[in-house]
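Just so you know, all these numbers are worked out from the coordinates, no wet-lab data involved. Predicted model only: the values in this text are computed from it and were never measured. Neighbour counts run over all protein chains shown; Cβ positions are idealised from the backbone, glycine included.
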Amino acid sequence: MLKEQGHEFASLVAREDVWELSGTVIFVHEGHPTRIDYLVICDSSWSTRSVNVSGMMGSERFTIDLEVDSDQSWKRNGVAQAEVFGCVDVDLGFSPSTNILPIRRLALDVDEKAEIKVAWLQFPSFELKSLTQVYHREGGNIYRYESGGGAFKSVLAVDDIGFVIDYPGLWRAESAT
């Protein structure tokens, strides 16, 4: 997760039978200017189908392409990723925007909770790992979030669409429009 100062622009667009979550994150990481662009494609049920992450950290360029089939088998740049088999959602470790995916997919009622496993693209290593997460909808736009078996806990405030607008100590939206 980002603790450094920076900015992100993210958008969610419905196109025919898919959802497109895209954005750009710009910040300084360990003294290096960093720009990361991402595009996540989900089907109509909010299941992740593809992810493209590209950018620069200092002078180093990178591109990561993830593909997910209907059996939740993942490939990274064409290579099978057994570690994340069965994961429905992706979590981009450099942005809170991908929290919208399980929030929309699960459509929890107030006081409902769900435990899921996500394909977590860690930052800054960009390793892909399985991560257990718990979402507990405590109020209309408030979710208690846990990951790593409770090792990390936070209370997320989201807007009416499901984008995180406050991730205490890590991220806060400057504008929700």
Q.
Among the residues that make up segment 109-124, is at least one of them in a strand (DSSP E or B), surrounded by 16 or more Cβ atoms within 10 Å (Cβ to Cβ) and touching a residue at least 60 places away in the same chain (Cβ under 8 Å)?
A. yes
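Please verify whether segment 42-57 includes one or more residues that are touching a His at 6+ places or on another chain (Cβ under 8 Å) and at negative phi. Write out each step before concluding.
Of the residues in segment 42-57, the ones touching a His at 6+ places or on another chain (Cβ under 8 Å) are 57.
Adding the requirement that they be at negative phi leaves 57.
There is at least one residue in segment 42-57 that is touching a His at 6+ places or on another chain (Cβ under 8 Å) and at negative phi.
Can you pull out the strands (runs of 3 or more DSSP E) entirely within segment 130-177 that have at least 2 residues that are among the β-branched types (Val, Ile, Thr)?
The qualifying strands (runs of 3 or more DSSP E) are 152-158, 164-167.
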**Q.** Any chance Ser47 is surrounded by 14 or more Cβ atoms within 10 Å (Cβ to Cβ) and within 19 Å of Ala10 (Cα to Cα)
**A.** yes
Q: Scan segment 50-96 residue by residue and report those that are of a type outside the set (Asp, Glu) and surrounded by fewer than 14 Cβ atoms within 10 Å (Cβ to Cβ).
A: Gly58, Ser59, Arg61, Phe62, Thr63, Ser70, Asn77, Gly78, Val79, Ala80, Ala82, Gly86
